[in-house]
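The values are calculated or read from the model by the stated rules, or taken from the named source; none is laboratory data. Everything quoted here is computed from the prediction, not taken from an experiment. Cβ placement follows ideal geometry from the backbone for every residue including glycine, while neighbour counts extend to all protein chains displayed.
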Amino acid sequence: MDMLPTVLKDLIAFFSNPIVLWVCAALCLFMLIALWKVFQKAGRAGWKAIIPFYGAFTYWDVAWEEEQFLVVLVGSVAVGLLYYVGVFMGWFGGILYAVISIGWSIFALVRTIQMGIRMAHRFGKSTAFGVVCIAFFSFVGLPILAWGSADYDERRDFGDGVLRLEGGVMPDGRKDPL
């Protein structure tokens, strides 16, 4: 039972190491620069990457629409507030909070994967790239988008190189499923 404090002490000691701190700071700076470049390729101002909530909002705007960011943000805040309601409801509130937070976590994971796919498609990349490199390993995918040859096109949705036209009609006359 005394293992948890030992593990926490080890983690604190590891992250207190100056070398680890410098490596983490360099990785954060590298990812910030990559996100800046991705925003610029998408026609947004790169400086938006350095402002915490506004950068996340812009990231969602590049990959999706603003409304999707607001749904996830409001839902996350609601689940967080539900914790305090559950505290006052006793054991039933705890179970209710656990079920809702697990459901919300699954929803957020699905939205993250969908956002990665959508971002990859808008840069002309495949669905697999969106899932693996953007949703799960963004420290690999974002630099590829930033410094690679991929071009951003908001009308490109499926990564098949077909540009969707206004009104939801593709160039070959088929209706766009989105």
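Of everything in segment 60-70, what is in contact (Cβ under 8 Å) with a residue 40 or more places away in the chain and in a helix (DSSP H, G or I)? Give them in sequence order. Of everything in segment 60-70, those that are in contact (Cβ under 8 Å) with a residue 40 or more places away in the chain and in a helix (DSSP H, G or I) turn out to be 60, 62, 63, 68.
Being loosely packed, with under 11 Cβ neighbours inside 10 Å and modelled with pLDDT under 80 is the filter here, so list the residues in segment 67-83 that pass it.
Of the residues in segment 67-83, the ones loosely packed, with under 11 Cβ neighbours inside 10 Å are 67, 74, 77, 81.
Passing the criteria: only 67.
Taking the conditions (1) closer than 20 Å to residue 121 by Cα; (2) assigned to a helix (DSSP H, G or I) in turn, residue 33 satisfies each one other than (1).
Only a single criterion out of (1) exposed (fewer than 14 other Cβ atoms within 10 Å of the Cβ); (2) in contact with a Lys or Arg (Cβ under 9 Å, 6 or more places away or on another chain) is not satisfied by residue 47, namely (2). Note on segment 14-54: residues that are in contact with a Phe, Trp or Tyr (Cβ under 8 Å, 6 or more places away or on another chain) and small (Gly, Ala, Ser) amount to 6.
Within segment 84-103, no residue that is on the phi < 0 side of the Ramachandran plot sits with its Cβ atom under 9 Å from a residue that is polar (S, T, N, Q) at 6+ positions apart or across chains. The conditions of being outside any helix (DSSP H, G or I), under 17 Å from residue 119 (Cα atoms) and either of a type outside the set (D, E, K, R) or at pLDDT below 85 (or both) are not met by residue 55.
From the set of residues in segment 36-52 that are in a helix (DSSP H, G or I) and free of Cβ contacts under 8 Å to residues at least 12 places away in the same chain, which is farthest from residue 73 (Cα to Cα)? Walk me through how you get there before you give the answer.
Taking segment 36-52 as the starting set, the residues that turn out to be in a helix (DSSP H, G or I) are 36-41, 46-50, 52.
Filter once more, so that each one left must be free of Cβ contacts under 8 Å to residues at least 12 places away in the same chain: 40, 46-48, 52.
Numbers: 40: 24, 46: 22, 47: 22, 48: 18, 52: 13 Å.
Here the residue is 40.
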